[in-house]
Amino acid sequence: MSNIVTIDEIENSDEKTVYYDFNQTIEGINSIGPISAGLTLKSLGEFIEVCGNVKGTLKLECDLCLKEFEYKLDFNLDEIFAKHALLDEYGQETEIKDGQFITDLNGENKIDIYDLLYQSVILNLPNKKVCGINCNGDNFLKEEELSDPRMDVFKNIQIQPKD
């Protein structure tokens with residue numbers, strides 16, 4: 001199945017809506033198994049709305065202990081594509097919800113689902129990747145591993161609790 005949906009395909013379908021199921025691995029994303037998404041592409045006149053749910057399991061590296069862990073990915077996608085350049089005046093009003101983006105197709109007649117999902121997964125990764133609430137991230141910085149002489153200053157730091 002092609003990962004490209006054309007604007008003509010959407011416009012000529014029943015109710016100007018195309019349903020698209022994606023179930024593949026995405027290059028550049030370290031996933032355990034495929035990323036799956038059930039998407040609805042709907043024409044809103046001068047805009048195309050793509051919405052649905054994206055799920056998968058990723059392998060991430062913990063920012064604290066540097067160990068690999070599994071991260072369950074489950075988010076809703078809701079994006080608007082402008083069929084023509086955004087600088088053109090639109091005669092139709094479209095409500096933009098919090099968290100939505102408008103992507104300008106610049107006259108292109110297609111939407112690349114693979115690229116859309118790649119970008120969406122990357123944007124939905126946590127800012128701080130932590131393997132768990134009880135991560136002992138400080139265990140990987142043991143005293144014997146601090147062999148760099150510039151790090152000697154940290155060996156004798158004592159933190160006093162606040163009163």
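Of these, Asn156, Asn124, Asn139, which one is modelled with pLDDT of 75 or more, under 28 Å from Leu58 (Cα atoms) and not hydroxyl-bearing (Ser, Thr, Tyr)?
After ruling out the rest, the residue left standing is Asn124.
Examine the range 23-39 for a residue that is touching a residue at least 60 places away in the same chain (Cβ under 8 Å), of a type in the set (Gly, Ala, Ser) and on the phi < 0 side of the Ramachandran plot, and state whether such a residue exists.
Looking through the range 23-39, at least one residue is touching a residue at least 60 places away in the same chain (Cβ under 8 Å), of a type in the set (Gly, Ala, Ser) and on the phi < 0 side of the Ramachandran plot.
Does Ile4 fit the bill of being under 21 Å from Leu105 (Cα atoms) and surrounded by fewer than 17 Cβ atoms within 10 Å (Cβ to Cβ)? Quick ask: steps written out before the conclusion?
Working: under 21 Å from Leu105 (Cα atoms): yes; surrounded by fewer than 17 Cβ atoms within 10 Å (Cβ to Cβ): yes.
So Ile4 passes the test.
Does Cys131 count as part of a loop (DSSP other than H, G, I, E, B), modelled with pLDDT under 90, touching a Phe, Trp or Tyr at 6+ places or on another chain (Cβ under 8 Å) and not aliphatic (A, V, I, L, M)?
no
Cβ-Cβ below 6 Å, separation at least six or inter-chain, first residue in the range 104-120 and of a type in the set (S, T, N, Q), second in a helix (DSSP H, G or I): which pairs?
Listed pairs, sorted by first residue: Asn109/Ile7.
Being at pLDDT 90 or above and under 30 Å from Ile157 (Cα atoms) is true for just one of Glu145, Glu61, Glu79. Which residue is that? Show your work before the answer.
Values: Glu145 fails: at pLDDT 90 or above; Glu79 fails: under 30 Å from Ile157 (Cα atoms).
Within the list Glu145, Glu61, Glu79, the selection yields Glu61.
The values are calculated or read from the model by the stated rules, or taken from the named source; none is laboratory data. Worth saying up front: this structure is predicted, and the values here are computed from it rather than measured. As a convention, Cβ positions derive from the backbone with ideal geometry for all residues, glycine included, and neighbour counts pool all protein chains shown.
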